[in-house]
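See structure below.
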Amino acid sequence: MTFLVHTMMGITIGEVVPEPAVAFTLGLPMHVLVDKIPHFWPEDRPHRWSFQAVDVLLTLVALYWALRINTQNHNAILAAVAGSLLIDFLLANSLVFPMKWGQWHYKRQDHRRGYKFLLTDAGIALAFIMIAAFLAK
């Protein structure tokens, strides 16, 4: 999944779970579960870096938005987002510094090549945005 999907999932967890340690811990297994949904990944695409740059930019905007709207759970939101993104950061390092568990996680995701699967990521991100906006009120 994109960073945006995992970030929105972390924001949603952080708004529901006020304790940062618990929110962080919940972000880890939720990352793995969401990655089981068939989703787009631009492995061999010529525009891979621009896709990822847009993803990171949207992720930062979403996190800024969540922290501006939610005035009480900043630490829990940040902890849950960190937990939900940690696996991908470790996975990125495993591509540079091979680690068995990073390769294990990568092989168990359901990456798809067609751009129609980008709609899956967008739909899931939108669902988490709607839930997070509802919970922030």
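Across the range 17-38, the qualifying residues are those that are β-branched (Val, Ile, Thr), in a helix (DSSP H, G or I) and modelled with pLDDT under 90, and the one among them that is surrounded by the fewest Cβ atoms within 10 Å (Cβ to Cβ) is VAL32.
Close contacts from the range 124-136, counting a first residue that is in contact (Cβ under 8 Å) with a residue 12 or more places away in the chain and part of a helix (DSSP H, G or I) and a second that is open to solvent by less than 30 Å² (accessible area, probe 1.4 Å) and of a type in the set (Asp, Glu), with Cβ to Cβ under 7 Å and a gap of 6+ residues or different chains, come to ALA132/GLU15; LEU135/GLU15; ALA136/GLU15.
Just to be sure before I move on: is GLN103 surrounded by fewer than 18 Cβ atoms within 10 Å (Cβ to Cβ) and either at pLDDT 70 or above or within 14 Å of MET1 (Cα to Cα) (or both) in the structure I sent? Against the criterion (surrounded by fewer than 18 Cβ atoms within 10 Å (Cβ to Cβ) and either at pLDDT 70 or above or within 14 Å of MET1 (Cα to Cα) (or both)), GLN103 does not qualify.
The values are calculated or read from the model by the stated rules, or taken from the named source; none is laboratory data. Model, not experiment: these values are computed from the prediction. All Cβ positions, even for glycine, are placed from backbone atoms using ideal geometry, and neighbour counts span all protein chains on display. Ligands, DNA and RNA are excluded from the accessible area calculation, which covers all protein heavy atoms including side chains. Shrake-Rupley method; radii C 1.70, N 1.55, O 1.52, S 1.80 Å.
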